[in-house]
Amino acid sequence: MKQILTVANKEFHDGLRNRWLLSITLIFALLSIGITYFGAAASGVEGVASLSTTVASLASLAVFLIPLIALLLSYDSFVGEQESGTLLLLLTYPLSKSQLLLGKFIGQGGIIALATLLGFGVSAVWLYFQLGNSEIISAFGLFIVSAILLGLSFTAIAYLISLSVSEKSKAAGLALITWFLFALAFDLVLLALLVGVEESGITQQGLTQLMMLNPADIFRLVNLSGLDTRDVNGALAVAINTGLSQIQLILVLVAWVILPLTLALFIFKIKKL
Amino acid sequence: MNTPLVSLHDTGKNYGDLTALHSMTMSLNEGEVLGLFGHNGAGKTTMMKLILGVISPTVGSVKVMGVAPDSKEAWHCRTKIGYLPENVSFYEQLTGLEVLTYFTKLKGFSRGAAKKQAIELLEQVGVTHAMNRQVKTYSKGMRQRLGLAQAFIGEPKLLLLDEPTVGLDPIATRDFYKTVDQLKSNGSSVILCSHVLPGVEQHIDRAMILSSGQLLAMGSLEALRQQAALPVIIKPVFLKPKNLKRAIDQNSELSGFLTSQCQQTFMVPAHEKISVLKQLLAHEGLSDIQVESANLEQVYQYFLALHEKSHKH
C-alpha cells in the first residue's frame with residue numbers, strides 16, 4: 001500500500017507541477033460558468049437558463065472534453081517511462097506491476113477527479129446562490145460524479161493504449177483515434193443504424209444495449225435521462241425512454257473503469273521489457 | 001560465504017527465434033567484482049535482466065541470494081539489489097533530489113529517512129550543488145552520477161551496473177571506482193558491464209567475455225591471459241641504436257622474438273619473459289626498458305577473434 005501511495009503521490013505532484021490540474025480546472029470552470037450564464041442566450045433570453053438545459057449543455061460539452069483531457073494526460077504514462085528507461089528500473093525495485101499501475105491511476109485519476117470537482121463545482125455553487133434551488137445540488141452532484149467516472153474510464157483506456165505500444169508517437173495517434181471513435185464516430189454509427197437499417201429492426205432495447213459499449217454515451221444517458229426530453233435530440237432521445245435506472249448506468253460506468261484497468265494490468269504483466 | 005550470491009545454471013533466454021543468451025553456467029560470490037564484457041547485443045543486458053528478475057529464463061535456472069529472482073519470494077531481496085540501466089533519463093521536470101527521494105522511498109525508506117539518504121548519496125556522487133535544479137538542466141555526467149546514486153540506495157549487497165563510467169570525467173570515474181572498491185570491501189558483489197576497457201582492470205576480480213549471446217571466456221584476468229597465451233611486449237631503449245642491433249645479432253634466441261614491423265620491440269611468450277629480460281639487462285648500453293603484459297583489451301580482442309574464426313569454418 002505504501003508503494004502505491006508513493007507512486008500516486010509522485011504522479012499527483014507531476015500533475016500539479018505541469019499545471020495540468022490548474023488548466024483543466026480553469027477550462028471546466030470557464031465553460032460551466034459560461035454555459036450556465038449564457039446558456040439561455042440561444043433562446044433569446046438573458047440570464048440563467050433552466051436547470052435541465054444547463055446540465056444538458058454541460059454534458060454534451062463534457063462528453064467531448066473529458067475523454068480528450070484524460071487521454072492527453074495519461075497516454076504516455078507507461079510508454080514514456082519505457083522510452084526513458086525508468087520503467088525497467090522501477091520494475092527492479094520492490095514494486096509490483098499492479099502497484100505501479102494502481103499508483104499511477106490513483107495519482108492521475110486524482111488530478112482528473114479534483115479538476116472536475118473544482119471546475120464544475122464552482123458553477124454549481126454559483127447557480128445555487130442564483131436560484132436557491134436544492135435540486136441543483138443533486139443534479140450537479142450526479143453530473144460531477146459521472147464526469148469523474150468518465151474521466152477515470154478514459155484514464156484506464158489511456159493506460160491500455162500506453163501499455164500496448166512501444167513508441168510514444170504511436171500511443172498519441174492511437175489515443176486520438178480512440179477519442180474520435182468514442183466521442184464522435186460511435187454516435188454517428190448508431191444514428192445510421194437507427195435510420196438506415198430500419199428493416200433489420202433494431203429495437204430501442206437493442207440501441208440502449210449498444211450504447212453500453214461506449215462510456216461516453218453512458219455518461220450522456222446518466223445526465224440526460226433525468227431531464228426533459230425536449231432538451232435532448234438524436235439517438236439519445238430514443239434510448240432515454242427505455243432507460244435503465246441511473247444507479248444501473250453508474251454501475252456500468254464503474255465497470256468501464258474497472259475493466260480497462262484490469263485489461264491494462266493483464267497486458268502489463270505479459271509485456272516484454 | 002560458500003553459497004554463491006548469484007548463480008546461473010544452464011540458463012538461456014530466447015525471444016522467439018532469436019537466442020539472446022545461449023545456456024551458460026556461472027556464479028558470483030560475495031564480495032566479488034565481475035566484469036562483463038561484450039559488444040552491443042552480446043547478451044550483457046539480457047543477463048542482467050535475468051539476474052534482476054525482470055525477465056524469466058527460457059531454459060535453466062537463476063538463483064539470487066538463494067531464490068529465483070522472478071519469484072514472489074525474491075521480493076524482500078530487491079531492496080538489497082542496486083541497478084544502473086544503460087540508458088536511463090530520469091524525470092526531467094523533477095529536481096535531482098526529488099528524483100532520488102522518490103526512488104529511495106520506493107526502496108522502502110520512510111519519508112524522512114528517504115530524504116536524508118538521498119542527500120547523503122548525492123553528496124557521495126558529488127551532485128549536491130545541483131540537487132535543487134531540475135534534471136533537464138543536468139549534463140550527461142551529472143545524469144550518470146544521479147543514476148549511480150540511485151543504484152547505491154540502501155547499501156546494496158548486489159550491484160549491477162551497465163556502462164557505469166559513460167559520460168563521467170576522469171575524476172568522477174576515479175571516485176566511482178573508489179566507491180566500487182569500498183562496496184566490495186564491505187562484502188557487496190558487483191557486476192560491471194562495459195565496453196570501455198581501460199581502467200577497469202585493477203578493480204575486477206574476474207572477467208566474463210560474451211559475444212552474440214555466447215560465453216567466450218570467464219576467469220581471473222591472469223587466467224584469461226594465460227589461456228590466450230598472448231605475448232609480453234618488451235621495448236628496450238639503448239643509448240645508441242647500433243648497440244641494440246649488435247646485441248641481437250650476437251644472440252639468436254633474442255632475435256627470434258623481434259617483431260617484423262618494428263626492429264626495437266620484442267614479443268615474448270609470458271613464460272620466457274624473465275629470461276629475455278635478464279639477457280637484455282645484461283647489456284651495458286641499455287638506458288630504459290618497457291614491459292607490457294597483454295591488457296584486458298588485447299585479451300578481449302583475442303577471444304573475439306578466436307570466436308569469429310571458429311564461426312567462419
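The values are calculated or read from the model by the stated rules, or taken from the named source; none is laboratory data. On a predicted model such as this, the values are computed, not experimentally measured, just so you know. As a convention, Cβ positions derive from the backbone with ideal geometry for all residues, glycine included, and neighbour counts pool all protein chains shown. Side chains are part of the model used for accessible areas, which takes the heavy atoms of the whole protein and leaves out ligands, DNA and RNA. Shrake-Rupley method; radii C 1.70, N 1.55, O 1.52, S 1.80 Å.
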May I ask you to list the residues in the range B:190-232 that are without any contact (Cβ under 8 Å) to a residue 60 or more places away in the chain and open to solvent by 40 Å² or more (accessible area, probe 1.4 Å)?
-> B:V196, B:Q202, B:S220, B:E222, B:A223, B:Q226, B:Q227, B:A229
Among B:T165, B:T179, B:T173, the single one that is in contact (Cβ under 8 Å) with a residue 24 or more places away in the chain and not in a helix (DSSP H, G or I) is B:T165
Listed residues A:F120, A:F143, A:F154; which is out of contact with any His (no Cβ under 7 Å at 6 or more places or on another chain) and either basic (K, R) or modelled with pLDDT of 95 or more (or both)?
-> A:F154
Within the range B:134-162, restricting attention to residues that are touching a residue at least 40 places away in the same chain (Cβ under 8 Å) and among the basic types (K, R), which residue is farthest from B:S185 (Cα to Cα)?
-> B:K136
All conditions in (1) modelled with pLDDT under 80; (2) open to solvent by 70 Å² or more (accessible area, probe 1.4 Å); (3) within 17 Å of the chain's Cα centre (by Cα) are true of B:Q301 except (1)
Among (1) modelled with pLDDT of 85 or more; (2) within 14 Å of chain A (Cβ to nearest Cβ); (3) part of a loop (DSSP other than H, G, I, E, B) - the single one B:E30 does not satisfy | (2)
Would you be able to say whether some residue in the range B:166-180 is at pLDDT 80 or above, under 29 Å from B:K13 (Cα atoms) and of a type in the set (S, T, N, Q)?
-> no
If you go through the range A:214-237 one residue at a time, do you hit one that is assigned to a loop (DSSP other than H, G, I, E, B) and modelled with pLDDT of 90 or more?
-> yes
Got a number for residues in the range B:111-136 being modelled with pLDDT of 90 or more, among the polar types (S, T, N, Q) and either within 14 Å of B:E155 (Cβ to Cβ) or in a helix (DSSP H, G or I) (or both)?
-> 1
From the set of residues in the range B:261-279 that are more than 27 Å from B:P198 (Cβ to Cβ) and not basic (K, R), which is most open to solvent (accessible area, probe 1.4 Å)?
-> B:Q263
Working only within the range B:182-205, note down all residues that are touching a strand residue (DSSP E or B) at 6+ places or on another chain (Cβ under 8 Å), within 19 Å of B:L28 (Cβ to Cβ) and in a loop (DSSP other than H, G, I, E, B).
-> B:S188, B:V200, B:I204, B:D205
So B:V6, is it at pLDDT 90 or above and within 25 Å of B:S185 (Cβ to Cβ) | no
Considering only the range A:68-93, state which residues are at the interface with chain B (Cβ under 9 Å from one of its Cβ atoms) and among the aliphatic types (A, V, I, L, M).
-> A:L88, A:L89, A:L90, A:L91
Out of B:V268, B:V276, B:V232, which single residue is within 25 Å of the chain's Cα centre (by Cα), aliphatic (A, V, I, L, M), at pLDDT 80 or above and farther than 30 Å from B:G41 by Cα?
-> B:V232
With respect to the numbered conditions (1) at pLDDT 90 or above; (2) more than 14 Å from every other protein chain (Cβ to nearest Cβ); (3) open to solvent by 40 Å² or more (accessible area, probe 1.4 Å), which one is the sole condition not fulfilled by A:L21?
-> (3)
Residues located in the range A:83-136, provided they are closer than 30 Å to B:Q144 by Cβ and open to solvent by 60 Å² or more (accessible area, probe 1.4 Å) = A:E83
Taking the range B:43-65, which residues are crowded, with 24+ Cβ neighbours inside 10 Å and in a loop (DSSP other than H, G, I, E, B)?
-> B:G43
Taking the range B:51-99 as the search range and keeping residues that are of a type in the set (K, R) and over 24 Å from B:E120 (Cβ atoms), which one is nearest to the other protein chains (Cβ to nearest Cβ)?
-> B:K72
B:S110 fails exactly one of (1) away from chain A (no Cβ under 14 Å); (2) free of Cβ contacts under 8 Å to residues at least 12 places away in the same chain; (3) hydroxyl-bearing (S, T, Y), namely (1)
Test: residue in the range A:120-134 that is touching a helix residue (DSSP H, G or I) at 6+ places or on another chain (Cβ under 7 Å) and either closer than 25 Å to A:V7 by Cβ or among the acidic types (D, E) (or both) = no
Quick check, is A:Q99 polar (S, T, N, Q), over 21 Å from A:I27 (Cβ atoms) and part of a helix (DSSP H, G or I)?
-> yes
Can you pull out the residues in the range A:42-63 that are surrounded by fewer than 17 Cβ atoms within 10 Å (Cβ to Cβ) and modelled with pLDDT under 65?
-> A:A42, A:S43, A:G44, A:V45, A:E46, A:G47
Odd one out for A:A171 among (1) at pLDDT below 90; (2) farther than 17 Å from A:V63 by Cα; (3) open to solvent by less than 70 Å² (accessible area, probe 1.4 Å); (4) outside any loop (DSSP other than H, G, I, E, B) | (1)
If we ask which residues in the range B:113-136 are under 15 Å from B:G147 (Cβ atoms) and more than 12 Å from chain A (Cβ to nearest Cβ), their number turns out to be 9
